[in-house]
Amino acid sequence: GKPAPGREALAYHAPLYIAYRERLDPSLAAKQSWANRRYAIQKFAERTTQPLGQITWQPIATWWDGLSQAQQKLRHAEFRRWFNWLMGQGLLPRLDYNPFTTADDRPRLILKTTPAKGRRPLTLNAYWRIYRQAGEMGYPGLQIAMALSLYTTYRREDIVTLRWDTHLTDRTLRLVIGKSQAQKGTARAARHEWDLDRHPLLSRIINRARELSLQHQRCPYIVSQMPRRKHKGPDGARANRDHIARILPDRLTRMYAEVAEAAAQKARENGEHQAAAALQGTSFHEVRGLSSALYRLAGYSTEAIQALMAHESKNTTLGYQDGHDLPYSRMELALPEGILGGVW
């Protein structure tokens, strides 16, 4: 087999750094983002053939400039930590400073600009075509997820984490917004509370989800869907799936794409080419954008919608339209049933 790398190789020290990071933060092991960063570290270490004592700034810069903006964004902060660790042990003597530094007084690696969003916005007509198609294809869990996202504006990651025992108490749905928590920490994260008695449409969605949960072997997650077939994936593939009917984020994305394509094909067969075009290229995330637009149409201010979507910037919200002891913000925004153009 391939010989193990020696101590002079970056590939020897990459797993040591990974183990060090996981000792400091055991929660990393369950995060997909860490799995992606860990893989990036391993691949960079494997491709770096120079001994540690010969690694210089220029080859790193050349490699960096060949990455896409998304690849750079994934690596930048973690590689800065990694190189701090390496340099702290004196393993990179030819580097005077961390090449992934954010300091302005050093030559640093430049991040590519974010490309303009190319996502196709989701129309209300396309939403209902996909929703009805999901029912025809036996995906009630996708329908629940679409309904929840349209009413609450929540992302797929928040939708699929909702549990009966954790997030629903005395007809009140509570959620700490995941992205906000990751950016600000638990104490400062956006915390939403929905009184179901004040939100009859949301209550209707939750009631249907409860019926499905009972059908799906009492799945503890509010959004549930039994798999089409049972199969064993690779080791660790179901590490985060603690119930057979649980929907993980990637599965939700795949179901949505499958159903949207089927709806587009049906529209093409019926000669509805404009409708088919509107269904092409959308993603589950666009339900959130449609929700934002509907709340604006219902007369709510940009500031109110910004709070609902847990956006830091008012411009981010406008772009879409183009701890247990901490208090929750009661959500007073409610979509009128007449504005939806359909029935859940």
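The table below lists the values:
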read-out	value
Anisotropy class of the range 39-182 from Cα gyration tensor, a/c 1.5 cut	prolate
Computed label-point distance, nm, for sites Arg218 and Asp104 using a 7 Å Cα→Cβ extension	6.0
Quotient of Cα Rg and 2.2 N^0.38 Å for the chain, N being how many residues it contains	1.16
Accessible area of Glu261 in the full protein assembly, 1.4 Å probe (Å², nearest 10)	80
Gain upon complete extension [Leu297, Asn84; 0.36 nm per residue less C-alpha separation]	71.7 nm
The chain, helix-only ellipticity at 222 nm - DSSP H runs n ≥ 4, -39,500 (n - 2.57), divided by all residues, nearest 500	-15500 deg cm²/dmol
Sequence ranges 92-99, 163-170, ranked by mean other-Cβ count within 10 angstrom, highest first	92-99, 163-170
Pair Asp170, Arg204: separation of 7 Å Cα→Cβ label points (nm)	2.7
Alpha-carbon gyration tensor eigenvalues x 5, square-rooted, for the range 119-192, Å	27, 16, 9
Carbon and sulfur %, accessible surface of the chain computed with the full protein complex present, 1.4 Å	50
Reachable aspartates and glutamates, given that their alpha-carbon falls under 14 Å from the alpha-carbon of Lys2 and they are not under 8 places away in the same chain	Glu46
Residue-normalised accessible area of the range 1-118, expressed per residue, 1.4 Å probe, Å²	61
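The values are calculated or read from the model by the stated rules, or taken from the named source; none is laboratory data. Only a predicted model underlies this, so the values are computations on that prediction, with no experimental measurement involved. When we count neighbours, we look across all protein chains shown, and the Cβ atoms used for this are built from the backbone with ideal geometry, even at glycine. With ligands, DNA and RNA removed, areas are computed over all heavy atoms of the protein, side chains included. Shrake-Rupley method; radii C 1.70, N 1.55, O 1.52, S 1.80 Å.
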